[in-house]
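Take a look at the structure below.
The values are calculated or read from the model by the stated rules, or taken from the named source; none is laboratory data. What you see is a predicted model, and the numbers here were worked out from it, not measured in a lab. So basically every Cβ, Gly included, is an ideal-geometry build from the backbone, and we count neighbours across all protein chains shown. Surface areas here come from the heavy atoms of the whole protein model, side chains and all, with no ligands, DNA or RNA. Shrake-Rupley method; radii C 1.70, N 1.55, O 1.52, S 1.80 Å.
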Protein chains: 2
Amino acid sequence: MSYDELLDNFKDILKNSGLKQTKQREYILEALYENHHHLTPEEIYRLIQDRYPKIKIGIATVYRTLSLLEDANLVSSLSVADQGKRYELLSHEHHDHLVCTQCDKIMEFHDELIERQQEIIAKQFNFKMTNHTMQIIGVCQECQKK
Amino acid sequence: MSYDELLDNFKDILKNSGLKQTKQREYILEALYENHHHLTPEEIYRLIQDRYPKIKIGIATVYRTLSLLEDANLVSSLSVADQGKRYELLSHEHHDHLVCTQCDKIMEFHDELIERQQEIIAKQFNFKMTNHTMQIIGVCQECQKK
DNA sequence: ATCGATGCAAAAGTTTTGCATATAC
DNA sequence: GTATATGCAAAACTTTTGCATCGAT
């Protein structure tokens, strides 16, 4: 999905819920779009401060907007290893994560077989799946050499 | 694995690392064993206080012991939906989770196809997998009716 | 003009750390 | 006896909330 489509999508959601469009909300979406993945609220906050020094933004707004986006199913949160949640857009192609416990690096992969199997499992439980996450935890190739 | 085997296992790990066996550490392991899954450090702390009113235990010890157990790969942590991590023993048979976003209920499932596929993926990335977690997020059967 | 959104600061909640004391070895 | 573990309290982080003001509609 292009950024413009995504933004239109977000604007529609806001309008339909009687919420307002603001620069802050737009910049948060933009930060998530550009830095593809795994941002903490703190990181998003600083990215916006750095890029738009003129605009005022508070960390509370970042948290509030992320909750909004999560409720609207535009972002998902993930928490592994370190403390604090990290957020990423759902509109990027779905993928899962390999997390290295030594260097905290996060790698991505996509596997159709697993995707399909998840759908089958959700169906078995009569569960209405809105999202799913998977993490393979371990030691990456580089850290194994150390 | 029986509790006794698990405890012996833990004692060996402590001994081999030059660490000491304490009642507190044992009770934390016991709490995780008995209440099969998904405990927060706070819950573990209170369980032990309730069950062993005579013994002193501090929340810091719970955190310290959980880190120890996680390093030793005896427990894994999981964080979804609510804030804060939850811990569970790895020695219980491995399973993955269905998390309901409406009632926060966590259900479990086990799927061999997914397990095998995760191993294949780890191999492709030359990744030494020590653990893996998967969560299917959505709305459970009961909450769909509401 | 209205009502929701924002920034700020305070509060609440979670996790870690320093230190004196207690306890396992 | 020595070294590690513990409880406690303080500190560090993370997230949420109250409130006066601002800004989108």
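Things worth noting here:
- The number of residues in region A:78-99 that are aliphatic (A, V, I, L, M), within 13 Å of DNA strand D (Cβ to nearest atom) and under 11 Å from the mean Cα position of the chain (by Cα) comes to 1.
Residue by residue, here is whether (1) hydrophobic (A, V, I, L, M, F, W, C); (2) crowded, with 20+ Cβ neighbours inside 10 Å holds:
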residue: A:L74; (1), (2): yes, no
residue: A:H95; (1), (2): no, no
residue: A:L98; (1), (2): yes, yes
residue: A:R116; (1), (2): no, no
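- Looking only at residues of region B:13-25 that are within 10 Å of DNA strand C (Cβ to nearest atom) and assigned to a helix (DSSP H, G or I), we find that the one that is farthest from B:I55 (Cα to Cα) is B:K15.
- Residue match in region B:57-77 (condition: more than 14 Å from DNA strand D (Cβ to nearest atom) and of a type in the set (F, W, Y)): no
- Residue count for region B:118-138, restricted to those that are within 7 Å of chain A (Cβ to nearest Cβ), open to solvent by 20 Å² or more (accessible area, probe 1.4 Å) and of a type in the set (A, V, I, L, M, F, W, C): 3
- Among the residues of region A:100-114, those that are open to solvent by less than 30 Å² (accessible area, probe 1.4 Å) and more than 16 Å from the chain's Cα centre (by Cα) comprise A:C100, A:D111, A:I114.
- Condition met for B:K85 (among the basic types (K, R) and in the same structural domain as B:Q141 (by TED's automatic domain parsing)): no
- For B:L66: the one exception among (1) at pLDDT below 90; (2) open to solvent by less than 30 Å² (accessible area, probe 1.4 Å): (1)
- For region B:52-103, the tally of residues that are without any contact (Cβ under 8 Å) to a residue 12 or more places away in the chain and hydroxyl-bearing (S, T, Y) stands at 3.
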